[in-house]
1. How high is the FRET efficiency between residue 144 and residue 64 when r is their beta carbon distance and R₀ equals 41 Å, given to the nearest 0.05?
2. Choose one answer from 41, 127, 198: the residue with the largest mean-square fluctuation in a GNM of the chain with alpha-carbon springs under 10 Å.
3. For the range 2-174, rounded, prolate or oblate, judged on the Cα gyration tensor with a ≥ b ≥ c (square roots of eigenvalues), a/c < 1.5 rounded, else prolate if a/b > b/c?
4. Among 97, 164, which comes first, then next, by fewest other beta-carbon atoms within 10 Å?
5. Can you put 196, 22 in order, fewest other beta carbons within 10 Å first?
6. Quick one: grab the alpha carbon gyration tensor of the range 1-103, order the square roots of its eigenvalues as a ≥ b ≥ c, and give me rounded if a/c is under 1.5, else prolate or oblate depending on whether a/b is larger than b/c.
7. Using the Cα atoms of the range 39-82, I'd like the radius of gyration and the largest Cα-Cα distance, Dmax, both in angstrom.
8. Top mean-square fluctuation among 121, 150, 54, Gaussian network model of the chain, C-alpha springs under 10 Å?
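Values in this text are rule-based calculations from the coordinates and carry no lab data. A quick note: this is a predicted structure, and the numbers were derived from the prediction, not measured. We place every Cβ from the backbone using ideal geometry, glycine too, and count neighbours over all the protein chains shown.
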Ligand code: ATP
């Protein structure tokens with residue numbers, strides 16, 4: 001099984017990295033593709049450039065077996081839709097290997113507003129990671145979208161290439177990229193909320209001041 005974690009990664013931080021590693025280990029993934037988005041569809045544009053966000057991501061995961069920086073959205077012009085990314089991953093990996101799209105609970109709450117949500121489930125499983133501050137309750141439309149698709153065990157995802165939803169408990173790390181940027185803007189240290197290698201790039205590039 002291959003995991004996919006998309007994000008702005010502006011910058012990548014421990015709230016991405018440790019939960020991704022938890023999923024990697026709990027689900028027995030062969031690989032996790034970390035996919036920085038190019039043009040945000042649902043949010044303000046990133047502060048750091050594509051090249052800077054990719055460099056920070058590569059520095060963060062250097063030496064971690066199975067973690068792969070995947071620049072495919074940065075190479076694709078226009079809005080970054082997860083559906084398109086999964087189509088392109090399927091073209092590379094074939095239709096049979098289980099794909100697990102990892103998303104934080106805050107992102108999952110808005111999932112039905114994404115481009116072609118049902119078709120996304122046709123291409124991948126969804127693994128929802130709890131996140132501090134994100135509500136556990138699902139709205140009725142999302143609840144009914146989940147019914148029939150929910151599974152309780154990681155092993156259930158390996159049985160089929162796509163279509164199932166799993167709530168995965170992960171280390172709860174109350175950090176967001178917004179908070180990291182805000183600390184730097186105020187001249188405060190973000191140390192230990194993200195890897196030192198990423199902090200070095202932020203300092204060298206003068207980012208987020
Ligand atoms: P920002 O503060 O700029 O909105 P962010 O910290 O939420 O950014 P993103 O790059 O937008 O980071 O997040 C990418 C994915 O990682 C999303 O699915 C999000 O829910 C998840 N994620 C981010 N931070 C955490 C965290 N602390 N715990 C669990 N999941 C997280």
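1. 0.60
2. The residue that fluctuates most here is 41.
3. Judged from the Cα gyration tensor, the range 2-174 comes out rounded (a/c under 1.5).
4. Starting with the residue having the fewest Cβ neighbours, the order is 97, 164.
5. Least crowded to most crowded, the residues run 196, 22.
6. Oblate shape, in that a/c is at least 1.5 and b/c is the bigger or equal ratio.
7. Values for the range 39-82 (Cα only, Rg and Dmax): 11.7, 32 Å.
8. 150
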